[in-house]
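Quick one: the structure is below, questions incoming.
Any read-out appearing in this document is the output of simple, stated calculations on the displayed coordinates, not a laboratory observation. Owing to the predicted nature of the structure, the values given are computational and were not obtained by experimental measurement. Cβ: placed from backbone, ideal geometry, glycine included. Neighbour counts: every protein chain shown.
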């Protein structure tokens, strides 16, 4: 995961169908309940959506040495999602017991807010951790400040902005492990290390006859976009990943990339 000023892209499944497990509840606490996993993008709700109705195959030209835009979403590839009743903790190994929510590993990119997660039946209990995998390459969606009908689809990687980008890259970024202490990744010693203390999962309960609605929110719930300055390093008026760079000015509340909100019905 890398940080550019205050915008973090951690290094969020196209179509999820849950594996079936025993749906019975025999009254001894060994029943099952539903988890409805959702994605929310509050920023896009307040901006023009027409420019993001489909993939942009050819970006418009940049407006100059610096192009001023709003970051509104990300087209990313989420491979798999798991949940666990155990806690992710820095300094420990990934020996948690995970329940996989995805029947197959996804390999396609999609706008964050366009993901769908059908309800999945899982055992009753209190769940403290979520594990999510991402492809290494992704696309930032940005709308021109002077004309929000004009949008850019900017290729990036989960590494440094100086890394070369290949749209055909099929490698995976480091897995994201969300828990009560924040977002973690496995270090070179195969132990969890804290990456972002603010990207926390407070936990959620699964009970028979109830649905836990876990909303995964882009921008941790902020509604105003970051102003994104696209710096044309080689002055060719095109976005070149690994050559050009970005600077950001964000609202004070825009501190984290993700958060989770839980409700029940």
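Round to the nearest 0.05 the FRET efficiency obtained for residue 100 and residue 264 when R0 = 25 Å and r is the Cβ-Cβ distance. Walk me through the intermediate numbers first.
Values: r = 23 Å, r/R0 = 0.91.
That pair, residue 100 with residue 264, gives E of 0.65.
Oh, and also: In a solvent-free Debye calculation with one equal scatterer on each Cα, what is log10 I(q)/I(0) for the stretch 59-201 at q = 0.09, 0.11, 0.19, 0.22 Å⁻¹, listed in the order of the q values?
-0.36, -0.52, -1.21, -1.39
For the stretch 156-255, what number results from the quotient of the Cα radius of gyration and 2.2 N^0.38 Å? Display every interim value, and only then the final one.
On the way: Rg = 18.1 Å, N = 100, 2.2 N^0.38 = 12.7 Å.
Normalised by 2.2 N^0.38 Å, the Cα Rg of the stretch 156-255 equals 1.43.
Run the simple label-point estimate for residue 149 and residue 205 please: 7 Å along Cα→C-beta, distance reported in nm.
5.2
Taking the Cα centre of each part, how many Å lie between the stretch 76-136 and the stretch 175-199?
14
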